[in-house]
Amino acid sequence: MTTAEDTKFMKQLDELAKKSRCIRAQIGAMVVRDGKVLVEGCNDVPHDEYDCQILGCIRTKEKIPSGHEREVCRGLCAEQYAISKAAERGIALNNTTMYTSVYPCRICSSLILNAGINRVVYKKKYPEVIAENILEDGGIEVCQVG
């Protein structure tokens, strides 16, 4: 079940996603505990020399559809950036909610499960079906907003 707080954070997430330098999709993710944003991230490249706005999108060049061959990309998912920022800063993510623009892929779903995040709120579905099983089987509450 979604709440007014979920709606508030999803609006913030829309603005965060606009910061992504990905030319294919703008996705944001943030982790919240007790109404406070702990970390956030958007899908992006780790270094400026890999900027797809300059080099072009390798996934588009290779005609790889969304939801397939996720490893063929210069960037990281928004969820991966948020979780890695938490690790870098020593922030435990247990008993938190992750807000994300798109349902997490299978890799991010596994990271979410292992990080101790217990709730995921998202806007749009992701075409990779296996991701749903990882979150559901892990006992994570999943809600769609919008």
Practice prompt. Amide H neighbours of residue 44 under 5 Å, at least 5 residues apart or on other chains, H built in the peptide plane: list them.
Written response: 76
Discussion item. Connecting C-alpha atoms closer than 10 Å in a GNM of the chain, tell me which of 126, 103, 81 has the biggest fluctuation.
Written reply: 126
Fill in: Per-residue HN-Hα couplings for segment 41-56 [Karplus 6.51, -1.76, 1.60; θ = phi - 60°; Hz; x = Gly/Pro]
x, 9, 5, 6, 8, x, 9, 4, 5, 9, 4, 5, 5, 9, 7, x
Item to complete: For segment 49-138, run through the GluC sites (Glu not before Pro) and keep only the ones in DSSP coil with at most 11 other Cβ atoms within 10 Å of their Cβ.
Response: 62, 69, 71
Fill in: Note, ³J(HN,Hα) from phi for segment 83-97, Karplus 6.51, -1.76, 1.60, rounded to Hz, x at Gly and Pro
5, 5, 5, 4, 4, 4, 8, x, 9, 6, 10, 5, 6, 10, 10
Item to complete: Might you report the magnitude of the Cβ-based charge dipole of the chain about its Cα centre, with Lys and Arg at +1 and Asp and Glu at -1, to the nearest 20 debye?
Response: 320 debye
Fill in: Added length on full extension, which subtracts the Cα-Cα distance from 0.36 nm per residue, residue 142 to residue 4
48.1 nm
Worksheet entry | Pairs from 18/85; 19/63; 18/124; 11/61; 19/85; 11/125 whose Cα-Cα separation, in the structure shown, is over 23 Å | 19/63; 11/61
Practice prompt. Restricting to the chain, compute how many DSSP beta bridges are antiparallel as a %, nearest 5.
Written response: 55 percent
Worksheet item: Counting only residues 5 or more places away or on other chains, whose amide H sits under 5 Å from the amide H of residue 39 once H atoms are built in the peptide plane?
Response: 31
Worksheet, complete the sentence: The simple spin-label model distance between residue 124 and residue 24, using points 7 Å out along Cα→Cβ, in nm, is 1.3 nm
Discussion item. Once you place label points 7 Å from the Cα toward the Cβ at residue 15 and residue 33, how far apart are they in nm?
Written reply: 2.4 nm
Item to complete: Taking the chain as the reference, fit the longest principal axis to its C-alpha atoms, fit the long axis of helix 106-115 to the helix C-alpha atoms, and give the angle between the two in degrees, 0 to 90, nearest 10.
Response: 40 degrees
Item to complete: Take every Cα-Cα distance within segment 58-120, group them into 10 Å bins from 0 onward, and report for each bin the whole-number percent of pairs it holds.
Response: 20, 49, 24, 7
Response to the item:
Out of 97, 84, 140 - ranked by how far each Cα lies towards the positive end of the dipole of segment 7-146, with unit charges on the beta-carbon of charged residues - the top one is 97
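No value in this document is a laboratory result; all are computed from the given coordinates. Just so it is clear, the model here is predicted, and its values are computed rather than measured. Cβ coordinates were reconstructed from backbone atoms using ideal geometry, including for glycine residues, and neighbour counts include every protein chain displayed.
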